[in-house]
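The values are calculated or read from the model by the stated rules, or taken from the named source; none is laboratory data. For clarity, every value in this text was computed on a predicted model and none was experimentally measured. Glycine also receives a Cβ, built like all others from the backbone with ideal geometry; neighbour counts cover every protein chain displayed. Each accessible area value is taken on the protein alone, full model and side chains, heavy atoms only, with ligands, DNA and RNA left out. Shrake-Rupley method; radii C 1.70, N 1.55, O 1.52, S 1.80 Å.
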Amino acid sequence: MTQPPKRPLTLRDVSDACGVSEMTVSRVLRKRGDVSEATRRRVLAAAKELGYVPNQIAGSLASQRVNLVAVIIPSLSNMVFPEVLNGVNQVLEDTPLQPVVGVTDYMPEKEERVLYEMLSWRPSGVIIAGLEHSDATRAMLKNAGIPVVEIMDVDGRPIDAMVGISHRRAGQEMAKAILKEGYEHIGFMGTKMPLDHRARKRFEGFTEGLAKAGIEIEDRAFYSGGSALAKGREMTQDMLERSPELDFLYYSNDMIGAGGLLYLIDQGIDIPGQIGLAGFNNVELLQGLPRQLATMDACRLEIGQAAARIILNDTLDEPDPDLQTQITLTPTLSLGDTLRRNRKV
């Protein structure tokens, strides 16, 4: 089915919603003029509910887009999202479009602010991480009048286009691989779930996969803040002192998994005979470890490339009507040196 062309919201939409003139709406949103507090609150509430963002471009350019692509991601402090940005940049490099990055720190209220400011400059499209957003963010994305690509995740309903992997399925596949190698006493370490929806979905898929074999996670630990080697070492030591019977440790990302691996090597523990390990993301750092950590590729480069192609296609004089805009990629599981037990049959 063909969708009606996107139309950005205007002052008139806000005016109609709150019952005041367009001039009054403009005064409130631009913080100019004498407007009563009650009217100001009414206008701001209507604008937020609609998802209206004032246009910062003045004069004859006011109705046009600029050659910017808003890329909104949760973090630059780990090795995950720079590769996504690299994919975006590869596709847009020889085009008029220029990616502009905003960082949310996994905070919904900050995501609202970053998106609001970026949309006020009327970009040609938005690439934004995740499918979970506040009501205000969803309203702004839905009514922006430009292509919106939600990336990294496909376990949910997108506003417009989406490119990513199923994190629930990724967790399930890891559980299958661990069980196949004969591990039964499993611990989990990861980020605090309210802040990272994708990690939460992998955890849910992982526990579901184990439950099908009648196995439960025996110990778990969660942390907040950046993913670091030191954090992985600390958490691994604490968990094994608390639960020495564990024979497998699953980490929500490779950084803390690498820290756990280095701790176990220092302790002279047989890997993967006594304890197996696995992480997630397949970051380049793993190539320099004494042993190859089992992991799963999150298709980060491909996600960035596909998202950029969707935005670019919309700006062409003759867009490709057959370009896929709902894309599910399949991650690759690498057993490395820490998951394959090489059990005798």
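Each residue in segment 213-239 was checked for being surrounded by 15 or more Cβ atoms within 10 Å (Cβ to Cβ) and in contact (Cβ under 8 Å) with a residue 40 or more places away in the chain, and 5 pass. Restricted to helices (runs of 4 or more DSSP H) entirely inside segment 69-159, those with at least 2 residues that are over 26 Å from Ala298 (Cα atoms) are 108-119, 135-142. When restricted to residues that are of a type in the set (Phe, Trp, Tyr) and either assigned to a helix (DSSP H, G or I) or more than 38 Å from the chain's Cα centre (by Cα) (or both), segment 15-56 contains 0.
Just one of the listed residues (Ala161, Ala70) is open to solvent by less than 10 Å² (accessible area, probe 1.4 Å), at pLDDT 95 or above and farther than 19 Å from Gln326 by Cβ, namely Ala70. Considered as a group, the residues in segment 109-136 that are hydroxyl-bearing (Ser, Thr, Tyr) and touching a residue at least 60 places away in the same chain (Cβ under 8 Å) include one that is nearest to Leu50 (Cα to Cα), and that residue is Tyr116.
Quick one: would you say Leu335 is more than 30 Å from Val100 (Cα to Cα), touching a Gly at 6+ places or on another chain (Cβ under 9 Å) and not assigned by the TED database to the domain that holds Asp160?
Working: more than 30 Å from Val100 (Cα to Cα): yes; touching a Gly at 6+ places or on another chain (Cβ under 9 Å): no; not assigned by the TED database to the domain that holds Asp160: yes.
No.
The residues in segment 233-263 that are farther than 14 Å from Met79 by Cβ and either out of contact with any strand residue (DSSP E or B) (no Cβ under 7 Å at 6 or more places or on another chain) or of a type in the set (Asp, Glu) (or both) can be counted, and the count is 11. Would it be correct to say that Met118 is open to solvent by 60 Å² or more (accessible area, probe 1.4 Å) and either of a type in the set (Val, Ile, Thr) or under 24 Å from the mean Cα position of the chain (by Cα) (or both)? When the stated conditions are applied, Met118 does not pass them.
Residues checked against (1) out of contact with any Gly (no Cβ under 8 Å at 6 or more places or on another chain); (2) of a type in the set (Gly, Ala, Ser):
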site: Val91; (1), (2): no, no
site: Pro96; (1), (2): yes, no
site: Glu112; (1), (2): yes, no
site: Glu132; (1), (2): no, no
site: Val149; (1), (2): no, no
site: Val154; (1), (2): no, no
site: Gly164; (1), (2): yes, yes
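Does segment 248-264 contain at least one residue that is more than 20 Å from the chain's Cα centre (by Cα) and open to solvent by 60 Å² or more (accessible area, probe 1.4 Å)? Within segment 248-264, not a single residue is more than 20 Å from the chain's Cα centre (by Cα) and open to solvent by 60 Å² or more (accessible area, probe 1.4 Å). Residues in segment 251-266 that are under 25 Å from Asp105 (Cβ atoms) and either out of contact with any Lys or Arg (no Cβ under 9 Å at 6 or more places or on another chain) or free of Cβ contacts under 8 Å to residues at least 60 places away in the same chain (or both): Tyr251, Asn253, Asp254, Gly257, Ala258, Gly259.
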